[in-house]
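Presented below is the structure to which this report refers.
The values are calculated or read from the model by the stated rules, or taken from the named source; none is laboratory data. Every value quoted in this text rests on a predicted model; they were computed, and no experiment measured them. Virtual Cβ from ideal backbone geometry, glycine too; neighbours counted across all protein chains shown. All accessible areas refer to the heavy atoms of the entire protein, side chains included, with ligands and DNA or RNA removed. Shrake-Rupley method; radii C 1.70, N 1.55, O 1.52, S 1.80 Å.
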Amino acid sequence: MKLTASLLFSIALGALPAAAAETAQQRGKRVVEEALKALGGGAYLAMQDRVESGRAYSFYREKLEGLSIAKIYTRYVTPVPGKPSVRERQAFGKDEYAGILFNEQGGWEITFRGVRLLDQKRIDNWRDGTIRNIFYILRQRLNEPGMDFYSRGSDLYENLPVEIVDITDADGLTVTVYFNQLTKLPVRQALKRRNLDYKDFDSEETLFAKYRNVGGGVMWPLSIRRQRNGEKLYEMYSDSVQINKNLKDDLFTLPAKLPVLPPSK
């Protein structure tokens, strides 16, 4: 049976009486905890690393700027409140030699010519985007002191009944997350980031779709799309996602033999 918009909205509203006795904070925390359970619960929290393989697309002013075979290697480290406690290696091409590395010390571009420190704005954006990413929050920050979960209630998002929760940390940084009311999984997150060049704010949203069990009951989206100020920036379509592959330190450290190149002008 095909669900109409009015029927979906009725489903969304149907959750209201049961949750009427909850405060906005209690409801927000409950929705987030239900999402963690839907993602795999204890198995999700026990995930030590992840390898996403597929196709990555980058865009500039809505036009395709780059397409590459990509692998994203991620490894979690001991959480530090308010800081990205994760290492990430983005490898491009069949030989995986070229890519981007982020760790606790910073971010670098790696090519056959050498390694180059990324500009500080890009590093800062990665750090901010990481600590406000819902999947990172659920894995690393859920019990961090000062975290606040505030429910905005139920609504429809693209004809889908959702629960909307504002998640704010001790530094006042907020991300708004839309959770599918039926599956409990995140489908959208939105945040604002100060643009120092124009003295205003950029609005960034990320959409998650095509969830699959990637091992041991852990669910992960195979389709991730990021937009800024309404313009498409990035898409990743994973053909496979593997977890707990015992990724080694050398994958997340700079190659010792490569020269260090001067920063881009």
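A compact table of results
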{"quantity": "Computed over segment 145-265: relative contact order in percent, which uses C-alpha pairs under 8 Å that are six or more apart", "calculated": "12"}
{"quantity": "Peptides 140-150, 183-193 ordered by average Cβ neighbours within 10 Å, highest first", "calculated": "183-193, 140-150"}
{"quantity": "Segment 121-207: GluC sites (Glu not before Pro) in DSSP coil with no more than 13 other Cβ atoms inside 10 Å", "calculated": "Glu158"}
{"quantity": "Per-residue SASA entry for Lys71, accessible area with 1.4 Å probe, Å² rounded to 10", "calculated": "70"}
{"quantity": "Helix 5-14 axis, angle to the chain major axis (alpha carbon atoms, nearest 10°)", "calculated": "80"}
{"quantity": "Violating pairs (Cα-Cα greater than 25 angstrom) within the set Lys121/Lys210; Lys121/Lys245; Lys71/Lys184; Lys29/Lys121; Lys210/Lys245; Lys83/Lys210", "calculated": "Lys121/Lys210; Lys121/Lys245; Lys71/Lys184; Lys29/Lys121; Lys83/Lys210"}
{"quantity": "Average accessible area per residue (Å²) across the chain - probe 1.4 Å, nucleic acids and ligands excluded", "calculated": "54"}
{"quantity": "Degrees, to the nearest 10: 24-39 long Cα axis against longest axis of the chain", "calculated": "60"}
{"quantity": "Percent accessible area from carbon and sulfur atoms, the chain, protein chains only, probe 1.4 Å", "calculated": "53"}
{"quantity": "Residue-averaged [θ]222 nm for the chain, counting only DSSP H segments that reach four residues, each worth -39500 (n - 2.57)", "calculated": "-5000 deg cm²/dmol"}
{"quantity": "Accessible area, probe 1.4 Å, largest first, for residues Asp119, Asp171, Asp166", "calculated": "Asp171, Asp119, Asp166"}
{"quantity": "Global form of segment 208-265, assessed from the alpha-carbon gyration tensor, a/c cut-off 1.5", "calculated": "oblate"}
{"quantity": "Where only C-alpha atoms are counted, convex hull volume of segment 124-265 per residue in Å³", "calculated": "182"}
{"quantity": "Proximal aspartates and glutamates relative to Lys248, as straight alpha-carbon distance under 20 Å, when same-chain residues fewer than 8 apart are discounted", "calculated": "Asp49, Glu52, Glu88, Asp95, Glu96, Glu104, Glu109"}
